[in-house]
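Below: the structure, in structure tokens.
The values are calculated or read from the model by the stated rules, or taken from the named source; none is laboratory data. All values reported here derive from a predicted model rather than from experimental measurement. Note that each Cβ is placed from the backbone with ideal geometry, even for glycine, and that neighbours are counted across all protein chains shown. The protein model used for the area step is the full one, side chains on, heavy atoms only, and it has no ligands, DNA or RNA in it. Shrake-Rupley method; radii C 1.70, N 1.55, O 1.52, S 1.80 Å.
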Amino acid sequence: MKRVAILGPSTFSEEATRHFLGDSFTYVSYKLISEVFNATASGETDLSVIPIENTLEGSVHLHVDWLVHEVDLPIRAEWVFPIDMNLIGYPSPEPATDAANPYRHVRKVLSHQVVPAQCNQFMKRYLRDAEFEQVSSTAEGVRIVSTLNDPTVVAIGTAIASTNYGVPMLEREIQDHKDNMTRFLLVGKEAPELASSTDMKTTILVTLPEDYPGALHQVLSAFAWRRINLSKIESKPTKKKLGNYYFYIDIVGNMDSVLLPSAIQEIEAIGCQVRILGCYPSYSYNGS
Ligand SMILES: O=C(O)C(=O)Cc1ccccc1
């Protein structure tokens, strides 16, 4: 069985991956996202799962940076999964001092860095005086809370982490929007066997030539006149020189088609550097 590295255990990554890949893979949990990437880069695992983007927060920049700068692992699949955030901790033994806010006593909230933006309204209303402390995963926050037995320290994480670490669920679904979706990427040196999908995507990185006015316009028009749909374009610093950017572009379509390779050739002809991060099936959540 192929081995898949995930941030875990008991994380949103694990929930989302089990839903999409099922039991035909062996899951190996790592505490840090750098370890998740390195596991596959070093050959310890065949594939890695990376949370890459969220409805409310946008791209997880740290993870995009790793994918682009630190490893050479092609994207093999993507899927979108709904994320329900839960408040997890020990209830206060004291009666609440503020009838309108049962969490007034909370001093510290532990979770993954992408979580506060997804629970902004709840946190503003109930946890305004609490300090947020970033930990390596939502499950790590719940684990730490389980070791403290202190009602003033809570975590935001998965229902399964609450069960597995034996820390009570205080409040379910505290995310701002019911449709809080996260996009996950599966990366690895070899393409795994997956269910076929009618939706294919290609992700490329484009670096523009410095002395070519209107280069971005030319890049976009190479796609536009061929009626190739782009689902995302984001500029990111090259990290080599201040003010130098590359573009991270998600394209709807497959490299097998004639149109896409010819668009890429046209972009290269004006002096752009193009790196293909992957051409892969895209799966959307069907609610089951
Ligand atoms: O920490 C986790 O549970 C993760 O898998 C990362 C994450 C955090 C929040 C939303 C989606 C993924």
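Which one of these is crowded, with 21+ Cβ neighbours inside 10 Å, away from the ligand (no atom under 14 Å from the Cβ) and not assigned by TED's automatic domain parsing to the domain that holds residue 68: 148, 127? Lay out the reasoning, then the answer.
On the way: 148 fails: crowded, with 21+ Cβ neighbours inside 10 Å.
Testing whether each residue is crowded, with 21+ Cβ neighbours inside 10 Å, away from the ligand (no atom under 14 Å from the Cβ) and not assigned by TED's automatic domain parsing to the domain that holds residue 68 leaves just 127.
Pick from region 151-164 the residues that are within 24 Å of the chain's Cα centre (by Cα) and away from the ligand (no atom under 13 Å from the Cβ): which of them is most open to solvent (accessible area, probe 1.4 Å)? Write out each step before concluding.
Here is the first cut: in region 151-164, the ones within 24 Å of the chain's Cα centre (by Cα) are 154-164.
Restricting the remaining residues to those that are away from the ligand (no atom under 13 Å from the Cβ) gives 154, 163.
On the way: 154: 1, 163: 101 Å².
In this case the residue turns out to be 163.
For residue 72, indicate whether it is at pLDDT 90 or above, closer than 24 Å to residue 237 by Cβ, open to solvent by 40 Å² or more (accessible area, probe 1.4 Å) and not hydrophobic (A, V, I, L, M, F, W, C). Give the derivation first.
Working: at pLDDT 90 or above: yes; closer than 24 Å to residue 237 by Cβ: yes; open to solvent by 40 Å² or more (accessible area, probe 1.4 Å): yes; not hydrophobic (A, V, I, L, M, F, W, C): yes.
So residue 72 fits the description; yes.
Yes/no matrix, rows are residues, columns are (1) open to solvent by less than 10 Å² (accessible area, probe 1.4 Å); (2) over 23 Å from residue 283 (Cα atoms):
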position	(1), (2)
24	no, no
28	no, no
32	no, yes
35	no, yes
45	yes, no
48	yes, no
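Results for (1) in contact with a strand residue (DSSP E or B) (Cβ under 9 Å, 6 or more places away or on another chain); (2) modelled with pLDDT of 95 or more; (3) of a type in the set (A, V, I, L, M, F, W, C), shown as yes or no for each residue.
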site	(1), (2), (3)
180	yes, no, no
187	yes, yes, yes
204	yes, yes, yes
211	no, no, no
222	no, yes, yes
238	yes, no, no
244	yes, no, no
250	yes, yes, no
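What is the one condition in (1) surrounded by 12 or more Cβ atoms within 10 Å (Cβ to Cβ); (2) within 24 Å of residue 257 (Cβ to Cβ); (3) not acidic (Asp, Glu) that residue 170 does not satisfy?
Of everything listed in (1) surrounded by 12 or more Cβ atoms within 10 Å (Cβ to Cβ); (2) within 24 Å of residue 257 (Cβ to Cβ); (3) not acidic (Asp, Glu), residue 170 misses just condition (2).
Looking only at residues in region 82-111 that are within 16 Å of the ligand (Cβ to nearest atom) and open to solvent by 20 Å² or more (accessible area, probe 1.4 Å), which one is nearest to residue 133 (Cα to Cα)?
Step by step, filter region 82-111, then rank; the result is 84.
Tell me, please, whether a residue that is within 16 Å of the ligand (Cβ to nearest atom) and either under 21 Å from the mean Cα position of the chain (by Cα) or surrounded by 17 or more Cβ atoms within 10 Å (Cβ to Cβ) (or both) can be found in region 187-197. Reasoning before the result, please.
The first filter runs over region 187-197 and keeps only residues within 16 Å of the ligand (Cβ to nearest atom), leaving 187.
After this cut, where a residue has to be either under 21 Å from the mean Cα position of the chain (by Cα) or surrounded by 17 or more Cβ atoms within 10 Å (Cβ to Cβ) (or both) as well, the list is 187.
Yes, region 187-197 contains a residue that is within 16 Å of the ligand (Cβ to nearest atom) and either under 21 Å from the mean Cα position of the chain (by Cα) or surrounded by 17 or more Cβ atoms within 10 Å (Cβ to Cβ) (or both).
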